Every structure is written in C-alpha cells, then in structure tokens.
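Let me begin by presenting the structure, written as structure tokens, before commenting on it.
The values are calculated or read from the model by the stated rules, or taken from the named source; none is laboratory data. All of these numbers come straight from a predicted model, not from anything done at the bench. Here the Cβ is made from the backbone with ideal geometry for all residues, glycine too, and neighbour counts use every protein chain on show. Keep in mind that these areas ignore ligands, DNA and RNA; they rest on the heavy atoms of the full protein, side chains included. Shrake-Rupley method; radii C 1.70, N 1.55, O 1.52, S 1.80 Å.
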Amino acid sequence: MLTPTHVMIFSLVLFGVGVFGVLTRRNIIIVLMSLELILNAANLNFVAFSWAHPSIHGQVFALFVICVAAGEVAVGLAILITLFRNRNSVNIDEFHLMKG
Amino acid sequence: MTEVSLPLFLVFAAVGVFGAVMMVTRTQPVHSALYLVLTLFSVAAIYVLLHAEFLAVVQILVYAGGIMVLFLFVIFLVRPPVPGEARWHGGRHVLLSAGLAVILACALGWHFLESAPAAAGNPSALLEGGNMEQVSMTLFRYYILPFETVSILLLVSMIGAIALARKGEGV
C-alpha cells in the first residue's frame with residue numbers, strides 16, 4: 001500500500017542530492033540542474049499531500065512552481081551565456097568580481 | 001491499482017534516485033542533462049500514480065521537453081569541460097556539503113514525517129469529472145489572480161532572457 005510517507009522519503013532523497021549538487025559542483029549548468037531537482041522534490045511533496053488529503057489545490061500549486069521554474073531557468077541560462085561570453089568560462093570559482 | 005501502486009512506486013523511485021545521483025556525479029554536462037531527463041520522467045510516472053495525470057503531462061512537456069532542450073542548447077553553446085579541470089570544490093568541501101545535505105534532509109524529514117497522514121484519503125475526490133477539468137476549474141475559480149501574475153512573470157523573464165542573451169552593446 002503506497003502511503004504519503006513513501007513519497008516524502010523519495011522527495012527528501014531527491015532534495016538531499018540536489019542540495020549536494022548545488023554546493024559541490026563547479027559547473028554552473030550542473031548547479032542549475034541540481035536546482036531543478038530541488039524544485040521537483042518540492043513539487044512531489046505538493047502532489048503527495050494533495051493526494052493524501054484529497055484536494056486539487058496542491059496540484060494547482062505544483063503547476064505554479066513549474067511555471068516559476070521555467071522562468072528561472074530562462075533567465076539563469078541567459079545570465080550564464082552572458083557570463084560565458086565575457087569570461088569564457090562556466091566555472092563558478094572564477095566569478096568573484098563582487099568579492100569585497 | 002492500489003495493490004500494484006507500491007511496487008511500481010518503488011521501481012520509479014529507484015530509477016529517479018539513480019538518475020539524480022548520476023546527474024550530480026557526471027563530468028560531461030550532456031550526460032548530466034540526460035540523467036536529469038530520466039529523473040524527470042520517473043517523477044512524472046509517480047505523478048500518475050498519485051492521480052495527478054495533468055501534472056504528469058505538464059512535467060513531461062515543460063520540464064523534459066522545454067527546459068531540458070534549453071539546457072542542452074546552452075551546453076552546446078558553451079565550451080566543453082577541459083579533461084584535467086577540477087569538477088568539484090575541494091575534498092573537505094564535498095564532505096561538508098554531503099553532511100549539510102544529509103542534516104537538512106533529516107531535519108525536514110523529521111518535521112514532515114511526524115505530521116504525514118498515515119494513508120491516502122479517498123482519491124475519488126481527485127478523479128471526479130477528470131483530473132484536467134478539476135485542475136482547470138480550480139485554477140480559474142480560485143487562482144485567477146496568481147494565474148495572471150504568473151503569465152506576466154513568464155513574459156518578463158522571456159524579455160529579460162532575450163535582452164541578456166542578445167549579442168550587442170553593453171552587456
């Protein structure tokens with residue numbers, strides 16, 4: 001019998017892997033992909049709760065999260081292209097212009 | 001449906017976790033992107049198990065279709081990683097981050113699992129009249145203002161992305 005707890009454990013694992021990727025990888029593209037993973041983990045929780053207390057509102061909220069993620073990716077990748085054009089690199093360690 | 005849903009869920013969850021771990025550990029961004037597609041597809045399958053069919057289709061169309069194509073285009077535009085280049089921050093940093101991720105996940109899990117409902121309620125409330133119809137009725141009845149706001153947000157991010165990525169003066 002599938003329970004919400006199962007889904008939540010899966011989403012926690014996805015979240016942990018995503019946080020690990022954001023903190024450790026040097027390639028900005030992979031950092032952005034890990035962010036997508038974190039957003040997906042959040043969405044899974046929304047859908048799991050919407051299924052557990054039968055109510056459609058959680059699914060609608062997950063839809064909004066997907067929209068915001070799409071906007072975030074578009075702007076993030078555009079910033080990345082601009083950075084690459086100016087510095088010829090996608091390594092996060094090389095971007096410390098604003099370091100005090 | 002209910003008696004096969006747990007084994008199916010376990011299979012898709014295993015595939016999803018495998019894809020996520022492989023995505024974080026690959027050298028080539030293209031491989032990472034393809035493993036992320038695998039994870040997104042398994043999450044979509046789990047949405048179907050949780051009676052969120054419309055969201056599963058949206059997940060495949062928007063995430064696996066749109067967003068991943070965007071990622072792949074950017075990967076093709078930028079320089080591939082040099083073989084000798086360090087992919088990770090230093091060794092101690094990796095351990096610290098792994099510890100932090102585990103602690104964060106455990107803290108969230110402790111909080112969530114305590115308040116988790118033990119079993120699913122009657123799913124017929126989600127299925128009545130079709131999932132897509134229910135989602136759209138709720139969207140346009142209760143969330144019309146957020147819906148319009150999100151469309152403006154998407155327009156703004158579209159313009160911002162074009163303005164940033166355009167070859168030209170200034171940037």
What is the distance in Å between the Cα centres of the stretch B:1-58 and the stretch A:23-100? 17 Å
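How shielded is B:67-74 by partner chains, expressed as the average number of their Cβ atoms within 10 Å of its Cβ atoms? Intermediate values should be presented prior to the final figure.
Working: counts 10, 3, 0, 6, 8, 1, 2, 11.
For this peptide, the per-residue mean of nearby foreign Cβ atoms is 5.
Which value in Å does the Kirkwood hydrodynamic radius of chain B take, with 1/r averaged over all unlike C-alpha pairs and then inverted? Before the final figure, lay out the partial values.
Working: mean 1/r = 0.0501 Å⁻¹.
Every distinct Cα pair counted, the radius reaches 20.0 Å.
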Within chain B, which whole H helices from DSSP have a Cα span along their axis of at least 18 Å and a mean Kyte-Doolittle hydropathy of 0.5 or more, if any? B:2-25, B:29-49, B:91-115, B:144-165
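Using +1 on the beta carbon of Lys and Arg, -1 on that of Asp and Glu, and nothing else charged, what's the dipole of the protein assembly as shown about the Cα centre, debye to 20? Walk me through the numbers before you get to the answer.
Numbers: 12 positive and 12 negative charges, 207 e Å.
The dipole of the protein assembly as shown has a size of about 1000 debye.
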When the Karplus curve 6.51 cos²θ - 1.76 cosθ + 1.60 is applied with θ = phi - 60°, which whole-Hz ³J(HN,Hα) does each residue of the stretch B:55-66 get, with x for Gly and Pro? 5, 4, 5, 4, 4, 5, 5, 7, 6, 5, x, x
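I'd like to check one number: the per residue accessible area of chain B, probe 1.4 Å, reported in Å² as a whole number. Show your work: numbers first, answer last.
Details: 9830 Å² over 171 residues.
Ligands and nucleic acids excluded, the figure is 57 Å² per residue.
I need the chymotrypsin sites (Phe, Trp or Tyr not before Pro) found in the stretch A:5-79, filtered to DSSP loop residues with at most 10 other beta carbons within 10 Å of theirs. Present the calculation step by step, with values, prior to reporting the outcome.
Details: sites: A:PHE10, A:PHE15, A:PHE20, A:PHE46, A:PHE49, A:TRP51, A:PHE61, A:PHE64; in loops: none.
The qualifying sites: there are none.
With a 1.4 Å probe and all protein chains left in place, how much of the accessible area of the protein assembly as shown comes from carbon and sulfur atoms, in whole percent? Let's see the in-between values first.
Values: 10030 of 13420 Å².
Ligands and nucleic acids excluded, carbon and sulfur reach 75 percent.
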Enter the angle in degrees (range 0 to 90, nearest 10) between the Cα long axis of helix A:28-52 and the first principal axis of the Cα atoms of chain A, meaning the one along which they spread out most. 10 degrees
Normalised alpha carbon radius of gyration of chain A [divisor 2.2 N^0.38 Å]: 1.33
Net dipole in debye of chain B [+1 Lys, Arg Cβ; -1 Asp, Glu Cβ; about Cα centre; nearest 20]: 740 debye
So which GluC sites (Glu not before Pro) in the stretch B:125-158 are both in a DSSP loop and have at most 16 other Cβ atoms within 10 Å of their Cβ? B:GLU128
For B:LEU38 the rounded accessible area (nearest 10 Å², probe 1.4 Å, non-protein molecules ignored) is 60 Å²
Using 7 Å Cα-to-Cβ label points, what is the B:VAL156/A:HIS96 separation (nm, one decimal)? 3.3 nm
